[in-house]
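**Q** Okay, handing you the structure first.
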Amino acid sequence: MFLVSNIEPIIHIISILAILVIILSMILRKLGQTYIIGYILVGVLLGEQGLKVVEDKESVELLGELGVILLLFFIGMEINFIDFLKRWKLAVLGTLLQIVLSVTMVFFIGYFFDWNFARSVVLGFVIALSSSAVVIKLLQDKNLIDTKIGKNVLSILLAQDVMFVPLLIIIAQLGGQTQSIGNIILMSIGAIIIVSVLVYIYVKGVIVLPFSKKIYRDHELQVFMAIFLCFGCALATSFFGLSAALGAFIGGMIINAAKATHWIHDTLHSFRVLFVSLFFISIGLQIDLNFVYNNIWTILLAILVVYITNHLLNTLILKVFSNSWKEAFLGGALLAQIGELSFLISSTALALGIIEDFSYKFTISLISLTLIVSPFWIALTEKLSSFGSKKS
């Protein structure tokens, strides 16, 4: 009886969650929209202003963090490092330019609202990062992954994911969180190891996993090997004081170089769907509908500014790096939303006292709504592009 009484609330939550995801996902699929929107809406419905089903937000957020690790592991599996290096100028320079221009724009806005230096930097970082989860899904749905613009957009997303760790370090410094000499040395060793792994991948081209022949014949072994490669790499980078998500990302790139993406994808895909959905559901749980209602016009104005600015900046960046105007315009639309890693930047800034509760709620609402708007913005861009082509 004790076991039953303790497990019943969990079964209750899981059942309601599954039903809501199924219903909303079916509706969104008919509308041609990404499931991510559904996950966020499920979080809102399960939260304090909805059905009030989930009270333990921390547990959901913890599971969501596992989702981020799995998400970046799968993103890494999509990246061919050698192919990425062919586009390093676009990826690195484009990403740095995006960050610098975003921070500069926020400084300009913050000047009129009397924001301090640290707050302006953090908000600039937030709007500079696009959503790998949304964009990769849309690229797959539109069969653009292997096109020129698809590869260019992916290279920018990869560079943004790599830049995420330095951005967190900068935020920690702005928040007064200093690192000891020992930690700096440890982090430097970790960075050297990562660079060495990437150089090894570049030199070898294709690498061979230990016991690969046995793994390919044993499905149960594949499950645990896949989990080990994902979370083992995440644990390794955590040991060196670096992001666990970065370790998972590097692990994914190793899998790509080992040509083992097929069976690992099949093995971990269900885990990825579950935990990534929990990440976005945890975001939905944090959205305060009363806050959104009371600040709706300010939020809508911010969304419009973010989309126009990010779309314009990324279009110009892609055009500079040998894309046609039509390709650059579509690529700018794909990169115009604010990404899931910006949630982590916001929560880190809140924990360090750089932003207060109002700014955090505003940022969470803004990021979530840009993710929801993204498919519609891209569809509008495609229509405008096709209209311009017919007219010409």
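The values are calculated or read from the model by the stated rules, or taken from the named source; none is laboratory data. For clarity, every value in this text was computed on a predicted model and none was experimentally measured. Don't worry about glycine lacking a Cβ; one is built from the backbone with ideal geometry, like all the others, and counts go over all protein chains shown.
**Q** Please specify each residue of region 332-342 satisfying the condition of being closer than 24 Å to L174 by Cβ and either assigned to a loop (DSSP other than H, G, I, E, B) or modelled with pLDDT under 85 (or both).
**A** If the condition is that a residue be closer than 24 Å to L174 by Cβ and either assigned to a loop (DSSP other than H, G, I, E, B) or modelled with pLDDT under 85 (or both), then I338, G339, E340, L341 are the ones that fit.
**Q** Which is modelled with pLDDT under 90, surrounded by fewer than 22 Cβ atoms within 10 Å (Cβ to Cβ) and either of a type in the set (S, T, N, Q) or part of a helix (DSSP H, G or I) (or both), of S368, S359?
**A** Exactly one residue qualifies, and that residue is S359.
**Q** Let me ask something additional. Looking for whichever is among the polar types (S, T, N, Q) and free of Cβ contacts under 8 Å to residues at least 60 places away in the same chain here; the options are T309, T315. Which one fits?
**A** T315
**Q** Next up: Going by the structure shown, is Y293 part of a helix (DSSP H, G or I), crowded, with 18+ Cβ neighbours inside 10 Å and either touching a strand residue (DSSP E or B) at 6+ places or on another chain (Cβ under 6 Å) or of a type in the set (F, W, Y) (or both)?
**A** no
Residues are listed down the side, and each one gets a yes or a no for (1) within 25 Å of A248 (Cβ to Cβ); (2) in contact with a Phe, Trp or Tyr (Cβ under 7 Å, 6 or more places away or on another chain); (3) touching a residue at least 24 places away in the same chain (Cβ under 8 Å):
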residue: L90; (1), (2), (3): yes, yes, yes
residue: V100; (1), (2), (3): no, no, no
residue: F107; (1), (2), (3): no, no, no
residue: F112; (1), (2), (3): no, no, no
residue: V134; (1), (2), (3): yes, no, yes
residue: S196; (1), (2), (3): yes, no, no
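Residue-wise test of (1) within 30 Å of L316 (Cβ to Cβ); (2) modelled with pLDDT under 80.
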{"site": "M1", "(1), (2)": "no, yes"}
{"site": "S15", "(1), (2)": "no, yes"}
{"site": "L31", "(1), (2)": "no, yes"}
{"site": "G67", "(1), (2)": "no, yes"}
{"site": "L70", "(1), (2)": "no, yes"}
{"site": "F84", "(1), (2)": "yes, yes"}
{"site": "V100", "(1), (2)": "yes, no"}
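**Q** Considering every residue within region 372-379, establish whether at least one is modelled with pLDDT under 85, hydrophobic (A, V, I, L, M, F, W, C) and under 30 Å from S15 (Cβ atoms).
**A** yes
**Q** For region 274-299, which residues satisfy the criterion of being among the β-branched types (V, I, T) and modelled with pLDDT under 75?
**A** Matches in region 274-299: V276 only.
**Q** Only residues that are part of a helix (DSSP H, G or I) and either in contact with a helix residue (DSSP H, G or I) (Cβ under 6 Å, 6 or more places away or on another chain) or crowded, with 18+ Cβ neighbours inside 10 Å (or both): list them for region 226-243, please.
**A** Selection gives A226, L229, C230, F231, C233, A234, A236, T237, S238.
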